[in-house]
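Q: Mind looking over this structure? Questions follow.
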Amino acid sequence: MNLTDLHTVKDLCNRFGFGVKKKFGQNFIIDAKIPDIISSTAEGKCALEIGPGIGTLTEALCRRCEKVVSVEIDRTLEKLLDFTVGDFSNLKVVFADVMKTDILSLCREEFGDKKVCVCANLPYYVTSPVLLLLMECGFPFESITVMVQKEVADRLCADPGTPEYGAITLTCRRYGRPVKLADVPKTSFYPVPGVDSAVVSIIPAEKEEIYCKDEELLTKVIRASFNQRRKTLVNALSSGLALKTKEEYEKIIVSCGHRADVRGEKLSLSDFAEIVNNM
Ligand code: SAM
């Protein structure tokens with residue numbers, strides 16, 4: 001059975017009375033190269049998959065990985081998934097909303113101290129929250145490789161000073177290094193979504209590359225700067241993070257070598273860390 005063949009996908013949906021649900025961001029891969037590209041990042045390791053859908057990427061993962069755990073919100077996929085990938089003894093499907101799942105506990109329970117990679121074609125409506133959840137859950141993933149909308153891929157990989165640069169870019173930089181593995185046109189999915197996509201792999205940094213004395217404060221400073229990105233950093237911090245006076249913020253920012261009217265969108269992660277280290 002070829003799960004990337006459009007006729008097969010449509011036949012399976014008909015046979016199991018399954019209607020594709022837009023509200024769950026269900027766009028299934030119908031390009032055989034993609035499961036191969038994503039699953040190759042988890043070769044010989046374990047994989048956590050978010051949203052198996054009809055099992056297209058799941059199947060590729062089960063062939064390459066020691067163990068696969070797939071979290072799927074849509075229970076109406078149960079019989080179909082059992083038909084397509086139910087024979088793999090190294091697969092466990094968990095029916096749950098990933099946003100309500102304790103990822104750290106799930107991974108510890110299912111994988112122990114084995115090497116685990118995240119592999120997923122993420123649902124569009126919840127891409128950024130799921131990415132943040134994965135990066136912030138505390139489990140030491142080997143890599144996080146995800147298909148996301150092209151716009152999100154651009155934001156993850158953006159440089160300071162570009163319109164795409166934002167809080168998620170910096171969260172990603174704190175976590176590790178993003179690499180774009182492939183551009184994926186919208187015609188590679190059924191049904192065809194409104195936007196193109198890309199596969200991005202984030203490899204966690206081996207050690208703290210940037211020293212920051214207070215990681216929690218760094219998170220707050222980054223959030224405050226990008227919540228009001230049109231404001232200068234001084235104004236964004238004095239209104240969004242009222243820990244100091246406007247004058248005090250200005251003094252710190254200038255002492256770190258920036259203009260008093262600099263905006264957060266111009267600063268790199270190490271610039272933000274330096275500002276926090278001087279607060
Ligand atoms: N992996 C399949 C593929 O690539 O063809 C399906 C990917 S589809 C873009 C996203 C999948 O995530 C769907 O199966 C959808 O039901 C599931 N999903 C959506 N929201 C979810 C959530 N909050 N938790 C877990 N799975 C979710």
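The values are calculated or read from the model by the stated rules, or taken from the named source; none is laboratory data. These figures come from a predicted structure and were not determined experimentally. All Cβ positions, even for glycine, are placed from backbone atoms using ideal geometry, and neighbour counts span all protein chains on display. The area values use the complete protein model at the heavy-atom level, side chains included, leaving out ligands, DNA and RNA. Shrake-Rupley method; radii C 1.70, N 1.55, O 1.52, S 1.80 Å.
Q: Could you order E247, E274 by accessible surface area, starting with the largest, using a probe radius of 1.4 Å?
A: Numbers: E247 125, E274 75 Å².
The most accessible residue leads, giving E247, E274.
Q: Now a separate question. Measure off 7 Å from each Cα along the Cα-to-Cβ vector at N90 and K33, then give the distance between these two points in nanometres to one decimal.
A: Each label point is offset 7 Å from its Cα along the Cβ direction, giving 2.6 nm.
Q: May I pose another question? As a test of reading the structure, rank I203, I253 by solvent-accessible area (1.4 Å probe, protein chains only), most first.
A: Values: I203 80, I253 0 Å².
From most exposed to least exposed: I203, I253.
Q: Using a 1.4 Å probe over the heavy atoms of the protein chains, calculate the carbon and sulfur portion of the accessible area of the chain as a whole percent.
A: The nonpolar share, carbon plus sulfur, comes to 49 percent.
Q: Post the alpha-carbon centroid distance, the stretch 138-162 to the stretch 6-51, in whole angstrom.
A: 20 Å
Q: Under a plain spin-label model, where a point goes 7 Å from the Cα along Cα-to-Cβ, how far apart in nm are K10 and K266?
A: 5.5 nm
Q: OK, next. If you average 1/r over all unlike Cα pairs in the stretch 106-250 and invert the result, what Kirkwood radius do you get in angstrom? If you can, show how the numbers build up before the last one.
A: Values: mean 1/r = 0.0591 Å⁻¹.
For the stretch 106-250, inverting the mean 1/r across all distinct Cα pairs yields 16.9 Å.
Q: Related question: Return, ordered by residue number, the residues of the stretch 1-37 whose backbone nitrogen is under 16 Å from a label point located 7 Å along Cα→Cβ of V192.
A: 6-7, 27-31, by backbone N distance to the label point.
Q: Heavy-atom accessible area per residue, the stretch 6-208, 1.4 Å probe: how many Å²?
A: Ligands and nucleic acids excluded, the result is 45 Å² per residue.
Q: Please label the shape of the chain as rounded, prolate or oblate, based on the square roots a ≥ b ≥ c of the eigenvalues of the alpha-carbon gyration tensor (a/c under 1.5 means rounded; beyond that, a/b larger than b/c means prolate, else oblate). All intermediate terms of the calculation are to be shown ahead of the outcome.
A: Values: a/c = 2.62, a/b = 2.06, b/c = 1.27.
Because a/c hits 1.5 or more and a/b exceeds b/c, the chain counts as prolate.
Q: With the calculation restricted to Cα positions, what are the radius of gyration and Dmax of the stretch 205-279 in angstrom?
A: 11.5, 38
Q: Work out, step by step, the length gained on full extension between V20 and E164: first 0.36 nm times the residue separation, then minus their alpha carbon distance; give nm to one decimal.
A: This chain segment gains 48.7 nm when fully extended.
Q: Run the 1.4 Å probe and let me know the accessible area of Y249, rounded to the nearest 10 Å².
A: 0 Å²
Q: Using the heavy atoms of the protein chains alone and a 1.4 angstrom probe, what is the accessible area of the stretch 215-277 per residue in square angstrom? Show your work: numbers first, answer last.
A: Details: 3280 Å² over 63 residues.
Value returned for the stretch 215-277: 52 Å² of accessible area per residue.
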